[in-house]
1. Work out, step by step, the length gained on full extension between Arg33 and Asn117: first 0.36 nm times the residue separation, then minus their alpha carbon distance; give nm to one decimal.
2. Normalized C-alpha radius of gyration of the stretch 1-68, against 2.2 N^0.38 Å?
3. Please return the longest range in the chain lying between exposed loop sites, taking GluC sites (Glu not before Pro), DSSP loop only, at most 12 other beta-carbon atoms within 10 Å, and leaving the sites out.
4. Want the number for Met20 to Cys92: 0.36 nm per residue separation, take away the alpha-carbon distance, what's left?
5. What percent antiparallel are the DSSP beta bridges of the chain, to the nearest 5?
6. If I build a Gaussian network model for the chain, linking alpha-carbon pairs within less than 10 angstrom, which residue out of Ser59, Ser97, Ser21 has the largest mean-square fluctuation?
7. What is the ratio of the Cα radius of gyration of the stretch 1-116 to 2.2 N^0.38 Å, with N the residue count, to two decimals?
8. Net charge near Tyr12: determine it from the other residues with C-beta under 15 Å of the C-beta of Tyr12, scoring Lys and Arg +1 and Asp and Glu -1.
Amino acid sequence: MKTKKYLLRFIYVYLIAGFMSNLPFVSGYILRRFDGDVFKYSNADASFTWHDTFGFKSSPISQWLIDRYIAEFHPEKKNQQVYRLYRINPLCFWRWSHYLITSRDYEYRSWKEIEPNRVPYDPENRYQAF
């Protein structure tokens, strides 16, 4: 009975913390503070890379940005799909809103799979962040 009561309290506190930490301004601050180096994206040959830092003036990744890259550089069809380079961890409750809004649009691919095919870094290419 006692452990059931503690378990229910834990679940209740976990859900409240998850809700509070996913409010818009709170979520942005927490993501910038704790996860500033986690959210990275790339295409198959790393000619397009993006790093979400959640800064005040930095924009998150968007389909518009990817379409601009495709229109400017005309990559091969296999290099037009953008992948997320991070795994979704449901225990990190402060990331839930980002997972539901942004991460669901991109498939996961490991950087270890992309790096051998990487094109050389081009300083003229403003779409290569790293």
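Where a number appears in this text, it was derived from the coordinates with a stated rule and is not lab data. Predicted model only: the values in this text are computed from it and were never measured. For neighbour counting, all protein chains shown are included, and Cβ atoms are generated from backbone atoms with ideal geometry for every residue, glycine included.
1. Numbers: separation 84, 0.36 × 84 = 30.24 nm, distance 3.18 nm.
The Arg33-Asn117 span can extend by a further 27.1 nm.
2. On the way: Rg = 18.0 Å, N = 68, 2.2 N^0.38 = 10.9 Å.
Output field value: 1.64.
3. Working: sites that count: Glu76, Glu124.
That would be 1-75.
4. Values: separation 72, 0.36 × 72 = 25.92 nm, distance 1.31 nm.
24.6 nm is the gain from fully extending Met20 to Cys92.
5. Values: 6 of 9 bridges.
Beta bridges within the chain, antiparallel portion: roughly 65 percent.
6. Result: Ser59 has the largest fluctuation of those listed.
7. Numbers: Rg = 17.6 Å, N = 116, 2.2 N^0.38 = 13.4 Å.
In units of the globular-protein estimate, the stretch 1-116 measures up at 1.31.
8. Taking every other residue near Tyr12 into account, the sum is +3.
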